[in-house]
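Notes for the one structure printed next.
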Amino acid sequence: ADEPINLYAIAAPLDGVDYVLRKYIYNKGDQPVWAGRQYMNTDKLEEGVTIDPHGLGFTTLSSVWGNKAIKILKVEGVPANAATIKDGSYPLYAPLYLAAKKDSKNFEATEKFIKYASSDAGKAIIRKHQLVPVDDAPALEAELEKNSAWVAERAQGRGEPRPVSAPN
């Protein structure tokens, strides 16, 4: 409906999900923004959006896939799913990095997990959760800057400059 939107966001300024959204919209991941409803994690944000017919939030596909209470919006008519992310037609995706600090007490366990996640069995689990293993679409990381420009072009295409922060 053409009605006011209740914007939901993550309060932590460097949360990965919100960082990516801010990077896309403001071209600066740590850009402070205003949102009427702020949560400490995406689980709580999703709960809030679920009960608010005017709620809008940004979260991960893997988290809400299959949740019938949340409507996943299309971007320029393209639905969000693993296939459209893999082929690059859905523009709002973000890389998920796995890394280990060599002097960490858990380095060996972390390294084993990363190796498992890179195996065929690990990739099958990743795909099951609507994520795209890097081997399935190696060109996606190079597309991130292009996608940011794509978002900026659409924002400016409405005759408005790229925002420097959220309204209010």
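Data for the structure
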item	result
Qualifying residue in the range 7-25 (condition: open to solvent by 40 Å² or more (accessible area, probe 1.4 Å) and either β-branched (Val, Ile, Thr) or over 29 Å from Ala149 (Cβ atoms) (or both))	yes
Residue check for Pro32: open to solvent by 80 Å² or more (accessible area, probe 1.4 Å), touching a Pro at 6+ places or on another chain (Cβ under 9 Å) and not in a helix (DSSP H, G or I)	yes
The range 110-133: number of residues that are under 16 Å from the mean Cα position of the chain (by Cα) and without any contact (Cβ under 8 Å) to a residue 40 or more places away in the chain	2
Residue list for the range 84-123, restricted to those being assigned to a loop (DSSP other than H, G, I, E, B) and of a type in the set (Gly, Ala, Ser)	Gly88, Ser89, Ala94, Ala99, Ala100, Ser104, Ser118, Ser119
Cβ pairs under 8 Å, 6+ apart, first in the range 52-79 and more than 19 Å from Gln38 (Cβ to Cβ), second aromatic (Phe, Trp, Tyr)	Ile72/Trp65; Val75/Tyr90; Val78/Tyr90; Pro79/Tyr90
Neighbours by Cβ (under 8 Å, 6+ apart or cross-chain): first from the range 1-29, in contact (Cβ under 8 Å) with a residue 24 or more places away in the chain and of a type in the set (Val, Ile, Thr); second assigned to a loop (DSSP other than H, G, I, E, B) and open to solvent by 80 Å² or more (accessible area, probe 1.4 Å)	Ile10/Met40
The range 34-45 residues that are touching a residue at least 40 places away in the same chain (Cβ under 8 Å), paired with ones that are part of a strand (DSSP E or B) and surrounded by 15 or more Cβ atoms within 10 Å (Cβ to Cβ) (beta carbon under 8 Å, 6 or more apart)	Ala35/Leu7; Ala35/Tyr8; Ala35/Ala9
Total residues in the range 35-66, condition polar (S, T, N, Q), open to solvent by less than 60 Å² (accessible area, probe 1.4 Å) and farther than 21 Å from Pro4 by Cα	4
Yes/no for Lys115 being surrounded by 11 or more Cβ atoms within 10 Å (Cβ to Cβ) and not acidic (Asp, Glu)	yes
Subset of the range 135-146 (residues that are touching a residue at least 12 places away in the same chain (Cβ under 8 Å), in a helix (DSSP H, G or I) and among the aliphatic types (A, V, I, L, M))	Leu140, Leu144
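The values are calculated or read from the model by the stated rules, or taken from the named source; none is laboratory data. These figures come from a predicted structure and were not determined experimentally. Positions of Cβ are backbone-derived with ideal geometry, glycine not excepted, and every protein chain shown enters the neighbour counts. Side chains included, ligands, DNA and RNA excluded: accessible areas come from the protein's heavy atoms. Shrake-Rupley method; radii C 1.70, N 1.55, O 1.52, S 1.80 Å.
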